[in-house]
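The values are calculated or read from the model by the stated rules, or taken from the named source; none is laboratory data. Computed from a predicted model, the values in this text were never measured in an experiment. Here the Cβ positions follow ideal geometry from the backbone for every residue, glycine too, while neighbour counts run over all protein chains shown. Ligands, DNA and RNA are stripped out before the accessible areas are found, and what is left, the full protein with its side chains, is counted by its heavy atoms. Shrake-Rupley method; radii C 1.70, N 1.55, O 1.52, S 1.80 Å.
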Amino acid sequence: MKIVVCIKQVPDVDNIKWTKENNLDRANMLSKINSYDVMALNYALEIKKRLNNSTITAISMGPNQAQDILNYALACGADEAILLSDRAFGGSDTLITSKIISRAIEKYVPDYKLIITGKLASDGDTRQVPLAVATLLDIAAVVDVCDIKNINDSSIEVVQKVEDSINDISLILPALISVCEFNKPNYVPKIDDYIRAQNNKIKIYDANSLEFDKSEVGIIGSPTMVYRAFRPEFTKEAVEVKLDFAKFVSDLLLTNGAKHE
Amino acid sequence: MNKITIFLETNRQNVIEDVSFELISKAYALSKTAHELNGADFIVEGIALGQNLDKVSIEKAYNAGCSRVVLIKQQDNSDILCAKNMAQYLNENPSYVVLFPATYFGRIIASRLCTMLDTGLVADCIELDFILKNNELKLASTRPTFGSELMATILSKKNPQCATVRKGIFRADFTKRPENIDFIEYKSDLDYIENRIKFLNSIMADNKENIKEKLAKAKIVLVAGFGLMDAKVDYFKKLKDFAKKIGAEFGVTRKVVDNKICSNDYQIGQTGISINPDLYISFGVSGAIQHISGMKNSKKIAAINIDENADIFKYADYKIVSDAKKIIEELEIYK
Ligand SMILES: Cc1cc2nc3c(=O)[nH]c(=O)nc-3n(C[C@H](O)[C@H](O)[C@H](O)COP(=O)(O)OP(=O)(O)OC[C@H]3O[C@@H](n4cnc5c(N)ncnc54)[C@H](O)[C@@H]3O)c2cc1C
């Protein structure tokens with residue numbers, strides 16, 4: 001079975017720094033693989049163990065630096081890694097990103113059976129790309145998958161965890177799943193894995209190889225645009241409480257209807 | 001006549017979910033803004049899919065500001081079929097703006113539909129407005145960006161201009177019934193498509209929904225932030241127990257969830273629940289935009305933070321610069 005795993009490099013949000021002009025301080029920013037994508041990768045490794053003749057292709061769109069996470073994927077056991085990278089891709093919104101990824105899958109992994117993605121990327125959290133990719137490829141999709149029960153060459157049975165229910169769902173392949181939980185320890189690559197992975201070259205494709213005109217992608221091609229970014233200003237003037245804090249809070253609670261003993 | 005379309009999410013009893021009414025009332029307000037800006041006439045249209053639609057819900061939709069309710073008739077409710085049929089309807093009857101609830105199903109339909117219509121989609125907006133740009137009406141959708149401090153206002157170059165909005169961001173106002181109303185049943189070419197997804201079994205997790213529902217409706221919410229972290233004492237539990245004792249609800253920030261101290265059912269904010277209680281009190285919360293966007297509609301906000309420059313104080317009615325742990329311990333004695 002051919003499995004595609006989509007992974008993204010994201011800023012380490014716990015360590016974000018801003019410049020004085022309200023821009024991301026990219027020069028001093030650390031990056032990492034999106035944590036839900038680590039789960040996606042581990043599901044693929046799991047399936048590969050269960051089904052003979054499985055291969056895993058890891059795909060990422062991003063700057064050259066994103067090779068780091070593809071090397072990590074190769075070290076974990078992915079068979080092939082593809083980086084979609086072009087200056088012209090910069091600023092692509094979710095629709096354009098989905099077009100780039102789905103075209104790459106059609107072109108370079110046309111016989112895929114299963115696409116696995118993370119539930120969301122921690123930097124944008126729109127959750128749109130998995131479903132947009134599935135729609136462009138015209139395949140079924142189940143989001144918020146927390147377990148895989150059965151899988152064979154033509155179908156997969158997954159457990160889905162959503163707001164108000166836990167569902168067992170079977171899907172006819174090819175299909176896409178986005179995952180929200182992985183209940184086993186993640187594979188941690190060893191030095192040997194990285195050495196082995198070095199022989200496996202990351203394939204890099206740009207707008208040209210994907211047959212996109214530069215005007216169809218990036219900021220120009222995207223249907224949405226950032227009009228302005230700002231720090232919200234608030235006119236509220238807080239009353240500063242100076243003394244007897246607990247008494248103040250307690251009174252506030254009581255005047256707002258808290259239960260009294 | 002221009003229109004703003006709202007996706008009406010329905011439950012298994014064909015009843016429209018409350019969040020859709022919130023969007024209808026917001027769309028109604030937007031239609032008034034459009035008129036003021038350049039004289040444009042907009043109506044609000046709601047679209048539901050399925051075999052039937054609850055009568056009371058339809059009346060509520062009108063009362064919230066809907067001029068037209070459309071029921072797209074179809075056999076089953078697979079996401080692909082819903083999106084395809086809505087796409088067909090909107091291709092024949094184009095809308096200027098389409099808004100979706102950012103619920104589990106609303107997000108799926110929004111992502112699929114906007115991809116089919118080849119248009120943009122802005123997720124989890126906390127403010128929507130019309131503006132004039134080069135003399136053209138544009139939906140200005142504002143959402144927090146990552147990294148906690150910035151908001152971004154996003155425009156769409158193409159119509160329909162689309163956005164998703166979480167439950168609790170806007171308020172439904174049932175006094176906006178338009179003079180002329182109509183109901184349309186729309187029959188699409190596709191009634192059924194071969195289903196590649198089969199639901200085998202489903203367990204309702206009632207409990208979880210309860211926590212969220214309770215928080216969404218709460219009058220008083222006490223929120224624990226990462227500032228309550230302590231090597232020796234579990235202040236999260238102390239605050240939760242105290243909240244229970246006084247009949248208030250308990251919530252947390254994402255950082256508390258990320259550190260596995262509490263389940264994400266209690267998370268307040270952009271990626272958690274939106275709340276609008278009469279009284280919100282935070283204990284050791286820094287005031288990141290993503291958190292603020294889920295609580296800024298609270299009527300009274302009191303914040304306790306040890307750092308007098310903490311961002312949370314910008315949104316507060318009452319500023320308490322103090323050790324929140326100490327206050328929790330004292331509160332326990334007061335009660
Ligand atoms: C895409 C995205 C979505 C997000 N969604 C959400 C969301 O839905 N909800 C959410 O909450 N966050 C969300 N976040 C995370 C958000 O950016 C912040 O990281 C988070 O809200 C911070 O939580 P905190 O205030 O508890 O912790 P911190 O930022 O660590 O703040 C702790 C605060 O406690 C104070 N403090 C320390 N000790 C004490 C003491 N003894 N007494 C009193 N005060 C003390 C400190 O001064 C500090 O201000 C999101 C982030 C991203 C990128």
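Both radii were evaluated on the Cα set of the protein assembly as shown; the Rg over Rh quotient, with Rh as the Kirkwood radius, amounts to 0.97. Ranked from largest to smallest solvent-accessible area, with a 1.4 Å probe on the protein heavy atoms, B:Lys245, A:Lys259, B:Lys238, B:Lys3 come out as A:Lys259, B:Lys245, B:Lys238, B:Lys3. Treating the beta-carbon of each Lys and Arg as +1 and of each Asp and Glu as -1, no other charges, what is the dipole magnitude of the protein assembly as shown about its Cα centre, to the nearest 20 debye? Charge dipole of the protein assembly as shown: 520 debye, to the nearest 20. Restricting attention to chain B, close to 20% of DSSP beta bridges with both partner residues there are antiparallel.
Computed over the alpha-carbon pairs of segment B:79-160, the distance histogram in 10 Å steps reads 17, 45, 31, 7, 0 percent, short to long.
Kindly provide the pair-distance distribution of segment A:2-233 built from C-alpha pairs, with 5 Å bins from 0 and whole-percent values in order of increasing distance. All Cα pairs considered, the percentages come to 1, 6, 13, 18, 20, 17, 12, 8, 3, 1, 0, 0. For chain B, a simple Cβ point-charge model (Lys and Arg +1, Asp and Glu -1, everything else neutral) yields a dipole of about 500 debye relative to the Cα centre.
Accessible surface buried at the A:B interface totals approximately 6900 Å², computed with a 1.4 Å probe on protein heavy atoms. When chain B is treated as a GNM with alpha-carbon contacts under 10 Å, the residue of B:Val285, B:Val233, B:Val19 showing the greatest mean-square fluctuation is B:Val233. Between A:Lys107 and A:Arg231, the C-beta separation translates, for a Förster distance of 51 Å, into a calculated FRET efficiency of about 0.75. Lysine pairs in segment B:280-335 with alpha-carbon atoms under 20 Å apart, 8 or more places apart or on different chains: how many are there? Counting lysine pairs in segment B:280-335 gives 8. Largest GNM mean-square fluctuation among A:Val145, A:Val109, A:Val38, using chain A with Cα springs under 10 Å: A:Val109. Taken about its Cα centre, segment A:2-233 carries a charge dipole of about 460 debye when Lys and Arg each add +1 at the Cβ and Asp and Glu each add -1 at the Cβ.
List the residue ranges in chain B for DSSP H helices whose C-alpha atoms run 18 angstrom or more along the long axis and whose Kyte-Doolittle average is -0.5 or above.
Details: long enough: B:18-38 (31 Å, -0.05); B:79-92 (20 Å, -0.19); B:104-116 (19 Å, 0.74).
Those that clear 18 Å and a mean of -0.5 are B:18-38, B:79-92, B:104-116.
Put a dot 7 Å past the Cα of B:Met229, heading toward its Cβ, do the same for B:Glu332, and the two dots end up 2.1 nm apart. Here is the size of chain B from its Cα atoms: Rg then Dmax, 21.8, 68 Å.
Considering only A:Val143, A:Ile169, A:Asn42, whose Cα is most displaced toward the positive end of the charge dipole of segment A:2-233, charges sitting on Cβ of Lys, Arg (+1) and Asp, Glu (-1)? Looking along the dipole axis, the top candidate is A:Asn42. Length gained on full extension, A:Leu30 to A:Asp213: 62.7 nm, using 0.36 nm per residue less the C-alpha separation.
Extending 7 Å from the Cα toward the beta-carbon at both B:Lys299 and B:Lys157 defines two label points whose distance is 4.7 nm. Pairs from the list A:Lys184/B:Lys198; A:Lys32/B:Lys255; B:Lys212/B:Lys232; A:Lys32/B:Lys167; A:Lys161/B:Lys73 with a Cα-Cα gap above 20 Å: A:Lys184/B:Lys198; B:Lys212/B:Lys232; A:Lys32/B:Lys167; A:Lys161/B:Lys73.
With both labels modelled 7 Å from their Cα along Cα-to-Cβ, the B:Glu92 to B:Glu213 distance reads 3.7 nm.
Once you reduce segment B:1-80 and segment A:209-261 to the center of their Cα atoms, the two points are 27 Å from each other. Annotation: the antiparallel percentage among DSSP beta bridges lying fully within segment A:2-233 is about 40. Using C-alpha pairs under 8 Å with a sequence gap of at least 6, the mean separation divided by the residue count of segment A:2-233 gives a relative contact order of 25 percent. The equivalent ellipsoid of segment B:1-73 has semi-axes of 24, 11, 8 Å, largest first, where each one is the square root of 5 times an eigenvalue of the Cα gyration tensor.
Projected onto the charge dipole of chain B (+1 at Lys/Arg Cβ, -1 at Asp/Glu Cβ, origin at the Cα centre), which of B:Asn276, B:Leu200, B:Ile72 gives the Cα projection farthest towards the positive end? Highest projection toward the positive end goes to B:Asn276. How are the alpha carbon pair distances in segment A:74-161 distributed across 10 Å bins from zero to the largest one, expressed in percent? All Cα pairs considered, the percentages come to 13, 42, 39, 6, 0.
Quick one: order A:Phe182, B:Phe199 from most to least accessible surface, probe 1.4 Å.
Heavy-atom accessible area, descending, gives B:Phe199, A:Phe182.
Calculate the length of the line joining the C-alpha centroid of segment B:232-270 to that of segment A:164-197, in whole Å. Rounded to whole Å, the Cα centres lie 30 Å apart.
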